[in-house]
Every structure is written in C-alpha cells, then in structure tokens.
1. Pull out all pairs, ordered by first then second residue, where Cβ-Cβ is under 7 Å, the residues are six or more apart or on different chains, the first lies in the range 19-34 and is at pLDDT 95 or above, and the second is in a helix (DSSP H, G or I).
2. For Arg45, are the conditions met, namely being part of a helix (DSSP H, G or I), under 14 Å from the mean Cα position of the chain (by Cα) and closer than 30 Å to Lys107 by Cα?
3. Within the set of pairs 6+ apart or on separate chains, which have a first residue in the range 40-63 that is surrounded by 11 or more Cβ atoms within 10 Å (Cβ to Cβ), a second that is in a strand (DSSP E or B) and among the acidic types (Asp, Glu), and C-beta atoms under 7 Å apart?
4. Give the residues of the range 58-111 that are touching a Pro at 6+ places or on another chain (Cβ under 8 Å) and of a type in the set (Val, Ile, Thr), sorted by residue number.
5. I'm trying to understand the selection: among the residues of the range 54-99, which are among the acidic types (Asp, Glu) and in contact with a helix residue (DSSP H, G or I) (Cβ under 7 Å, 6 or more places away or on another chain)?
Amino acid sequence: MKRMIIYEPAMCCSTGLCGVSIDPELLRVSAVLSHLEKNGVKVERYNLSSAPQEFVINKKINLLITQSIDNLPAIVLDGEIVMTKRYPKNDEFKSLLDVPGSFIGEKDNAIKVKVHKMSAGACGCAGGKC
C-alpha cells in the first residue's frame, strides 16, 4: 500500500475545520481522508503548528519550507514530494493512492436495469393486438 503524508501550513486545529468560516477545500479533504480511513487507507496529516517536529524530521519538507512557507500544503507519496501549494483533487487522490472512487466517498452513478423476459401474451395482449 502506498504511503501518503500531507504537510499543512499552521492552522488553529489539526484539520483547519474550526472558527467562524470553514474553508470548503479543507472540508473536502477531511471528508476524503475520512472515507479513505474507513476503507483501510491511512493518510498521515501534519499541521505546522501542532506537529512542527515532523517538518524538521523530513529533510525534503524542511528544505521546501525553508525556500517558502507558501509551498504548503505539500503532499508526500512514498517519500517523494509529489505536489505543493495545494491539496490533491479527488481524481488525484484516487490515482496517487491507486484506489477506486468508492474509497473516497464517490457513489456509483450507474443505473441498474433488470430486464424480465415475458412470455407471449403475458402483457395481456392477445394475437398481437396491444
């Protein structure tokens, strides 16, 4: 299984879902991560204000934020920085983690139709007169 870590800028709480106005992007990311976890895919998430040591331990992230704190959020996949300055879109989460849409909360929009074979006259018609 692939290992994803999200390094986020300093926020008031671990998810950023607090305060008077909630950022819809943070809400989307939290929902995706929740669905992933329910499906056995754990994505680590570090906030600069609550876990600063994680930004020091990871040398690539440390160098990245030394260049500019505006590089956050940064997405690390299997030890490599794959994205900076934004969160993955839903399709990117699926492709990066190699998971189906159901793992991130997408519903299957396919319409299932069951066809019943009818015998002659089963519709109430007789002799081809309907």
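1. Close Cβ pairs (under 7 Å, with a partner that is in a helix (DSSP H, G or I)) amount to Val32/Asn90; Val32/Phe93; Val32/Ile104.
2. Values: part of a helix (DSSP H, G or I): no; under 14 Å from the mean Cα position of the chain (by Cα): yes; closer than 30 Å to Lys107 by Cα: yes.
In short, no.
3. Arg45/Glu8; Tyr46/Glu8; Asn47/Glu8; Leu48/Glu8
4. Ile69, Ile75, Thr84
5. Kept after step one, since they are among the acidic types (Asp, Glu), are these residues of the range 54-99: 54, 70, 78, 80, 91-92, 98.
The answer is none; no residue qualifies.
The values are calculated or read from the model by the stated rules, or taken from the named source; none is laboratory data. Values in this document were obtained by computation on a predicted structure and should not be read as measured data. Note: ideal-geometry Cβ built from the backbone for every residue, glycine included; neighbour counts use all protein chains shown.
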